[in-house]
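*Asks:* Quick one: the structure is below, and I'll ask about it shortly.
The values are calculated or read from the model by the stated rules, or taken from the named source; none is laboratory data. Just so you know, these numbers come straight off a predicted model, no measurement behind them. Cβ atoms come from the backbone with ideal geometry, glycine included; neighbour counts cover every protein chain shown. Accessible surface areas use protein heavy atoms only, side chains included; no ligands, DNA or RNA. Shrake-Rupley method; radii C 1.70, N 1.55, O 1.52, S 1.80 Å.
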Amino acid sequence: MNIRQAEIKDLETVKSITNSTIYTIYPRYYPSGAVDFFLSHHNEDHILADIDSRRVYVLENEEKALGTVTIKDFEICRLFVLPLYHGKGYGRLLLEFSEQLIAGQFNKIQLDSSLPAKEIYLKRGYKEIASHHIITENGDYLCYDVMEKELL
């Protein structure tokens, strides 16, 4: 396994991992308006801006990219692993990598947790500090929590 900084040539790969995860996993937890909101929020322009800012990383094996994470200062964003590889520890690898990068500069980590990921973060010592509800264009609700972990 290798985690490396994403380059412009990785745009489609990062977008594909993100969209595949949202399309496959999120409809089990969210109504369609919320899924559409997530897809719009993680659009190509936002991913490209983050790649240009050197914030995006890709987890890959010898054959292909399996996951991605974006790190903005002390915030972990856009952590996705292809659904086929869920439950194999790849998300944990990306999370640990992100935590180590942030720990070198900050004394806390913050992230917005989707419903499917919340239990994972709780098990890793994150605490819920805020809860948000967004009404989407078609009237569906998107609920997510802001979570934080203090670093020693």
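*Asks:* Applying the Karplus parametrisation 6.51 cos²θ - 1.76 cosθ + 1.60 with θ = phi - 60° to the phi angles of segment 125-136, what ³J(HN,Hα) value in whole Hz is obtained for each residue in order, glycine and proline being reported as x?
*Replies:* x, 7, 10, 6, 10, 7, 10, 10, 10, 10, 8, 7
*Asks:* Set Lys and Arg Cβ to +1 and Asp and Glu Cβ to -1, take the dipole of segment 1-132 about its Cα centre, and tell me which of I17, Y29, L82 lies farthest positive.
*Replies:* Y29
*Asks:* Another question, if that's okay. Does anything in segment 102-145 have its amide N under 17 Å from the 7 Å Cα→Cβ label point of S32, and if so which residues?
*Replies:* 136-142
*Asks:* Please return the longest stretch of the chain lacking exposed loop sites, where chymotrypsin sites (Phe, Trp or Tyr not before Pro) count only if DSSP places them in a loop and at most 14 other Cβ atoms lie within 10 Å.
*Replies:* 30-105
*Asks:* Among residues other than P116 whose Cβ falls under 13 Å from its Cβ, what is the net charge (Lys/Arg +1, Asp/Glu -1)?
*Replies:* Combined, the nearby Lys, Arg, Asp and Glu give -1.
*Asks:* What does the net charge come to around I129 if you take all other residues with beta carbon closer than 12 Å to its beta carbon, with K and R at +1 and D and E at -1?
*Replies:* -2
*Asks:* Near L48, within a Cβ-to-Cβ distance under 13 Å, what is the net charge of the other residues, with Lys and Arg +1 and Asp and Glu -1?
*Replies:* In short, -2.
*Asks:* Please check the chain for the longest run free of trypsin sites (Lys or Arg not before Pro) that are loop-located per DSSP (anything but H, G, I, E, B) and have at most 16 other Cβ atoms within 10 Å.
*Replies:* So the longest stretch without any such site is 1-53.
*Asks:* Let me ask you something else. Which GluC sites (Glu not before Pro) in segment 35-143 pass both tests, a DSSP loop state and at most 12 other beta-carbon atoms within 10 Å?
*Replies:* E62, E63, E137
*Asks:* Shifting gears a bit: Give the carbon-plus-sulfur fraction of the accessible surface of segment 82-152 in %, rounded to a whole number; probe 1.4 Å, heavy atoms of protein chains only.
*Replies:* Carbon and sulfur: 52 percent of the exposed surface of segment 82-152.
*Asks:* Between I135 and H41, what length comes free when the chain is fully extended (0.36 nm per residue of separation minus the Cα-Cα distance, one decimal in nm)?
*Replies:* Separation in residues times 0.36 nm, less the Cα-Cα distance, equals 32.5 nm.
*Asks:* So what is the accessible area of segment 2-108 per residue, in Å², with the probe set to 1.4 Å?
*Replies:* Roughly 52 Å² per residue, with all protein chains present.
*Asks:* Moving on. At 1.4 Å probe size, with no ligands or nucleic acids counted, give the accessible surface of L48 in Å², nearest ten.
*Replies:* L48 exposes around 50 Å² with every protein chain in place.
*Asks:* Pairs of Cα atoms under 8 Å, at least six residues apart: use those to get the relative contact order of the chain, whole percent.
*Replies:* Once divided by the residue count of the chain, the mean separation gives 24 percent.
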